[in-house]
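In what follows, a single structure is set out as C-alpha cells and then discussed.
The values are calculated or read from the model by the stated rules, or taken from the named source; none is laboratory data. Bear in mind the structure is a predicted one, so any value in this text is a computation, not a measurement. In this analysis, Cβ positions are derived from the backbone assuming ideal geometry, glycine residues included, and neighbour counts consider all displayed protein chains. We work out accessible area using only protein heavy atoms, side chains counted, and drop any ligands, DNA or RNA first. Shrake-Rupley method; radii C 1.70, N 1.55, O 1.52, S 1.80 Å.
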Amino acid sequence: MTELEVDAQDVVRLMLQFCKENGLKESLKTLQQESQVALNTVESVEVFLTDVQTGNWDAVLQACQSLQLPVGKLMAVHEQIILELLELREVDVARAMLRQTEAMQAMKQEQPERYMRLESLCSRPIWDAREAYEAGNSKETRRVEIAKSLSTEVTVVPPSRLLVLIGQALKWQQHQGMLPPGTQFDVFRGTAAAKPDENDEFPTKSTHQIKFGKKSHAECAAFSPDGQYLVSGSIDGFVEVWDHETGKLRKDLKYQANEDLMMHEEAVLSLAWSKDSELLATADQGGKIKVWKVRTGQCARRFDKAHSQGITCLCFSRDSTQICSASYDATMRMHGLKSGKMLKEMRGHSSYINHCSYTTDGLRLVSAGSDGWVKVWDPKTAENLHSFRPNPAGAEIPVNCVCMLPKSDHILVCDRSSTAYVMTIQGQVVKTISSGKKTGGDFLSACVSRMGTWLYCIAEDQTMYVFSIRDSKLEHLVRIHDKEPIGLCQHPHRNLVATYADDCSLKLWRS
C-alpha cells in the first residue's frame, strides 16, 4: 500500500484553525509569524466578500486579523476605509488609521506619493469624491475591485478539522481492534489511557496462563513502560507481544496477525523497552542485539557482534539513545543507536554478569555478577566507582539481580540465597529481608512492586515469596509453577505480575 505523506504546512494550518476557533489570538499570530504559514480561512467567503462590497468594514477588519494577506491588498483595504471615513467626515479617525496602522506605514515607506495624497485629503475642509477617486471610479466600483482581489486569498474549510481528524483516527484504530470499544485514549501519548490501580497490593491469584510449545519456554519477559504490551522472548528465538488482559497474542499488530513474528536465530535471553515504549531491544545466546519498532515489527537496528557470548541483560539509557548490555563474557558494553557502534566497554567482573540496570536518576549503572560482586559504574567514563558483596561474610554467592527502589536512593540486591538486601549505592546494608528457609529455597530472581511497597522473590522451590520492604516481614507465599522459575516482571501501573518458568508457561498474577 502506498504510504501517505502529510504536508507539514497542512499540520500547521490545523493548529492555526484550532487557535482561531478557541480564541487563542496571540498564539495564532505568533505561530503564523514563526511558521510563515497563513490560515486564510473565513467562515463564509460569500459573507466576507459581501461585507467588503457593502462597506461593513468592522467585520472585514476583524476577519483580516487572522488572515495573512499580501501587503498591497491590505493597503487597498485600509485606503478605502480611510476614504469612506473622510466621506463621513470622521477625519480624526481616518487620520489615526492612516498614521498608526501597519499597512499604511508600509505604504508610507514603499509608496510615499500615494500616502501623501491621503494625508492631503485628510487636510481638506470638504469632501470631494471626484478628487478622492480616479477618473471613472467610485466608491462602489472600488469595493468591487477590492472584493475581487481578496476572493483569491481566502477559502472555507469545515470547522474543527484537527479534532475531526483525531476522531477519525481513533475510529479507525477501534475498527482495526487496536482500541477496544469504551476504552479511553490518551491522544498526547498515543496510547489507550490505562487507569492505574489506586493501592499497591500484592498478587494472590493466577488469572491467565500463556502456554508455549512442548520444547519451548520464555527466557525473558517485560511490560512496556506505558503498560500496553507484554513481550516475551523464548528459547526458540521468537519475540511475541501479548495482551495481558486476555493472555492471547496481540493480533491487532498486523505482523503478528500474518504470523510474521519478530525473531532471532538463537534463544532470546534478554529484552528491554525504551522509555517511550516505541522501541524494543532483544538479545540472544549468540551475542546479537536487535532493536525493533514494536508497532510495525520492523527491525530498526542490529548489533551482530555485540558480545562474544550470550547477552544476559539489556537496558536503555534515560534518553533512549544508547543500550547497555551485560553478557556471559563478563563485560558490559554501551552501544549507540544512531551510530550502530559499540561506544564503551566495562570490565571488572570475573564471571557471568547476570543483570545490569540504570539508577533511578540515570547517572549510574549497577551490575550484578556470578562472582558475587555488585559494581557501580559511571556510564560516561566506564569507570568502576564502587564494588561490594552484599552478604555479611563476603562470600562468593552469585548475585541474580539488582532492583531500583521507587522514590529512593537505595537499591535491592537479590543473590542466590534465601536473603535479599536493601543497600546504599556505596554498598552499605540498610536492611536484610529473608524467608528463613535454610535449604531448597534460594532466590532466583526478584522485582519490586510499582510503588515500592512489596518485594517479590521467586525461588527454586517454585514459590513466590512476598515481603513488605518497610518491615522486612514475609506477607504471603504462593506456588507459581511446576518446574523451576526463570524470571518475573511487574506491570508499571497495575497490581499485575508475570512469572515464567521451565514448565513451558508464562502466568499472570493479580491481587
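With the structure loaded, tell me whether ASP503 is touching a residue at least 12 places away in the same chain (Cβ under 8 Å) and open to solvent by 30 Å² or more (accessible area, probe 1.4 Å) or whether it fails that test.
When the stated conditions are applied, ASP503 does not pass them.
Which of the following residues is part of a loop (DSSP other than H, G, I, E, B), in contact with a Ser or Thr (Cβ under 9 Å, 6 or more places away or on another chain) and open to solvent by 30 Å² or more (accessible area, probe 1.4 Å): PRO203, PRO225? Sole residue among the options that is part of a loop (DSSP other than H, G, I, E, B), in contact with a Ser or Thr (Cβ under 9 Å, 6 or more places away or on another chain) and open to solvent by 30 Å² or more (accessible area, probe 1.4 Å): PRO225.
Here is a yes/no grid of residues against (1) of a type in the set (D, E, K, R); (2) within 17 Å of PHE467 (Cα to Cα); (3) part of a strand (DSSP E or B):
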site: ASN391; (1), (2), (3): no, no, no
site: CYS403; (1), (2), (3): no, yes, yes
site: LYS407; (1), (2), (3): yes, no, no
site: CYS414; (1), (2), (3): no, yes, yes
site: VAL422; (1), (2), (3): no, yes, yes
site: VAL430; (1), (2), (3): no, yes, yes
site: LYS437; (1), (2), (3): yes, yes, no
site: GLY441; (1), (2), (3): no, yes, no
site: LEU444; (1), (2), (3): no, yes, yes
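Of all residues in segment 282-294, those satisfying the criterion of being small (Gly, Ala, Ser) and surrounded by fewer than 24 Cβ atoms within 10 Å (Cβ to Cβ) are GLY286, GLY287. Mind checking whether some residue in segment 282-289 is modelled with pLDDT under 95, of a type in the set (Asp, Glu) and out of contact with any Ser or Thr (no Cβ under 8 Å at 6 or more places or on another chain)? No, segment 282-289 contains no residue that is modelled with pLDDT under 95, of a type in the set (Asp, Glu) and out of contact with any Ser or Thr (no Cβ under 8 Å at 6 or more places or on another chain).
When ALA459 is tested against (1) open to solvent by 30 Å² or more (accessible area, probe 1.4 Å); (2) over 29 Å from LEU363 (Cβ atoms), only condition (1) is not met. Looking across segment 19-37, the residues that are open to solvent by less than 20 Å² (accessible area, probe 1.4 Å) and farther than 17 Å from PRO158 by Cβ come down to LEU28, GLN32, VAL37. Criterion applied to GLY362, GLY340, GLY286 was being part of a loop (DSSP other than H, G, I, E, B) and either in contact (Cβ under 8 Å) with a residue 40 or more places away in the chain or of a type in the set (S, T, N, Q) (or both), and the one residue passing it is GLY362. Between THR432, THR453, the distinction of being open to solvent by 40 Å² or more (accessible area, probe 1.4 Å) and within 36 Å of the chain's Cα centre (by Cα) belongs to THR453 only. Within segment 76-101, being of a type in the set (Asp, Glu), surrounded by fewer than 16 Cβ atoms within 10 Å (Cβ to Cβ) and either in contact with a helix residue (DSSP H, G or I) (Cβ under 6 Å, 6 or more places away or on another chain) or touching a residue at least 12 places away in the same chain (Cβ under 8 Å) (or both) holds for one residue alone: GLU87.
The condition of being modelled with pLDDT under 85 and not small (Gly, Ala, Ser) holds for only one of GLU26, GLU43, GLU87, that being GLU43. Selection of first residues in segment 37-61 that are closer than 24 Å to GLU87 by Cβ and assigned to a helix (DSSP H, G or I) and of second residues that are open to solvent by 20 Å² or more (accessible area, probe 1.4 Å) and of a type in the set (D, E, K, R), restricted to Cβ pairs under 7 Å at least 6 apart or on distinct chains, gives the following pairs, ordered by first then second residue: VAL52/ARG143; GLN53/ARG143; ALA59/ASP51; VAL60/ASP51. SER472 fulfils the conditions (1) closer than 19 Å to ALA221 by Cα; (2) surrounded by fewer than 22 Cβ atoms within 10 Å (Cβ to Cβ); (3) among the hydroxyl-bearing types (Ser, Thr, Tyr) except for a single criterion, (1).
For the criterion of being surrounded by fewer than 19 Cβ atoms within 10 Å (Cβ to Cβ) and touching a strand residue (DSSP E or B) at 6+ places or on another chain (Cβ under 8 Å), VAL422 fails.
Residues that are hydrophobic (A, V, I, L, M, F, W, C), closer than 26 Å to ARG301 by Cα and free of Cβ contacts under 8 Å to residues at least 60 places away in the same chain are absent from segment 383-398 altogether. For the residues LEU365, LEU385, LEU412, the requirement of being within 19 Å of THR424 (Cβ to Cβ), surrounded by fewer than 16 Cβ atoms within 10 Å (Cβ to Cβ) and modelled with pLDDT of 95 or more singles out LEU385.
When every residue of segment 271-281 is checked against the conditions, at least one turns out to be acidic (Asp, Glu), open to solvent by 40 Å² or more (accessible area, probe 1.4 Å) and in a loop (DSSP other than H, G, I, E, B).
Checked against the criterion of being open to solvent by 20 Å² or more (accessible area, probe 1.4 Å), hydrophobic (A, V, I, L, M, F, W, C), in a strand (DSSP E or B) and closer than 30 Å to ILE469 by Cβ, segment 259-270 has at least one qualifying residue.
So that you can scan it fast, the table gives a plain yes or no per residue for (1) at negative phi; (2) open to solvent by less than 40 Å² (accessible area, probe 1.4 Å); (3) part of a loop (DSSP other than H, G, I, E, B); (4) not small (Gly, Ala, Ser):
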site	(1), (2), (3), (4)
ARG114	yes, no, no, yes
ARG117	yes, no, no, yes
LEU121	yes, yes, no, yes
ILE126	yes, no, yes, yes
ASN137	yes, no, yes, yes
VAL144	yes, no, no, yes
GLU153	yes, no, yes, yes
VAL157	yes, no, yes, yes
LEU162	yes, no, no, yes
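In segment 179-199, of all residues being more than 19 Å from TRP273 (Cβ to Cβ), touching a strand residue (DSSP E or B) at 6+ places or on another chain (Cβ under 7 Å) and surrounded by 15 or more Cβ atoms within 10 Å (Cβ to Cβ), the one that is modelled with the highest pLDDT corresponds to PHE185.
Residues satisfying the criterion are present in segment 229-244 (criterion: touching a Cys at 6+ places or on another chain (Cβ under 6 Å), open to solvent by less than 20 Å² (accessible area, probe 1.4 Å) and within 23 Å of LEU508 (Cα to Cα)). Residues in segment 245-258 that are surrounded by 15 or more Cβ atoms within 10 Å (Cβ to Cβ) and not in a loop (DSSP other than H, G, I, E, B): 3 in all.
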